[in-house]
Each structure stands twice: as C-alpha cells, then as structure tokens.
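A.B. asks: Sharing a structure below in structure tokens format, with a few things to ask.
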Amino acid sequence: DATDRAPSLLNGGLGNVSPVYWIGILGVAAAVEFFGITKSKSGDASYFPGNLGFDPLGLYPEDKAGQMRMQLAEIKNGRL
C-alpha cells in the first residue's frame, strides 16, 4: 500500500510534502548563503571559509593549537 510509505522519489510520495516546506527550506538555505557571502566580502581579518561565527555547541577550540588541529582534520576530511 502506497499510503503508508515514507515520501521518496521512488514511490511518488514527495508530492505529499507541502510546497510551503520546500519554499521555507530554500529560503533558509538562501539566507545562510547570503550571510556567508556578505561576511566574506566584509574584509574581516578573522574570517576564513566556513567560519560564520556560529558554534552553538562550542566545539571549536579556543586555543590556537586546537584550532589548527581542527582545521587540519577538516581539510583531511575534505570539508574545509
């Protein structure tokens, strides 16, 4: 029965997801991109790609050695 499946491209269920949801998702993504571009063009000396100043869990180290270790780990993982 197709009515109890999760929305998917393969079973035609994505038509059941509200268009308002998709508009909201695109709006949030556009806002994050706009903020990042604005921050990169601001000339802030502390800015580097990926540093938008958002770290709610406090995972980015405060000390310089920890920051360099974290950046190296991100580069090796292909994220920075």
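A.B. asks: Among 62-69, 35-42, what's the highest-first ranking by average C-beta atoms within 10 angstrom per residue?
C.D. replies: The peptides rank, most packed first, as 35-42, 62-69.
A.B. asks: Now, a different point. Could you report the chain's accessible area per residue, 1.4 Å probe, as an integer in Å²?
C.D. replies: 86
A.B. asks: Another question about this same structure. Take the eigenvalues of the Cα gyration tensor for the chain, scale each by 5, and report the square roots as semi-axes in whole Å, largest first.
C.D. replies: After scaling each eigenvalue by five and taking roots: 37, 18, 11 Å.
A.B. asks: Determine the calculated [θ] at 222 nm for the chain from helices alone, applying -39500 (n - 2.57) to every DSSP H run no shorter than 4 residues and normalising by the residue count; nearest 500 deg cm²/dmol.
C.D. replies: That comes out to -15500 deg cm²/dmol.
A.B. asks: Reachable lysines from Lys76, Cα under 19 Å, same-chain residues fewer than 8 places away excluded?
C.D. replies: Counting by Cα, and skipping residues close in sequence, Lys76 has these lysines nearby: Lys64.
A.B. asks: Report in % the part of the accessible area of the chain that belongs to carbon and sulfur, leaving out ligands and nucleic acids; probe 1.4 Å.
C.D. replies: Roughly 64 percent, rounded to a whole number.
The values are calculated or read from the model by the stated rules, or taken from the named source; none is laboratory data. Note that the structure is a prediction, hence the values are computed from the model and not measured. Quick reminder, even Gly has a Cβ in these numbers, built from the backbone with ideal geometry, and neighbours come from all protein chains shown. Surface accessibility is based on the protein's heavy atoms, side chains included, excluding ligands, DNA and RNA. Shrake-Rupley method; radii C 1.70, N 1.55, O 1.52, S 1.80 Å.
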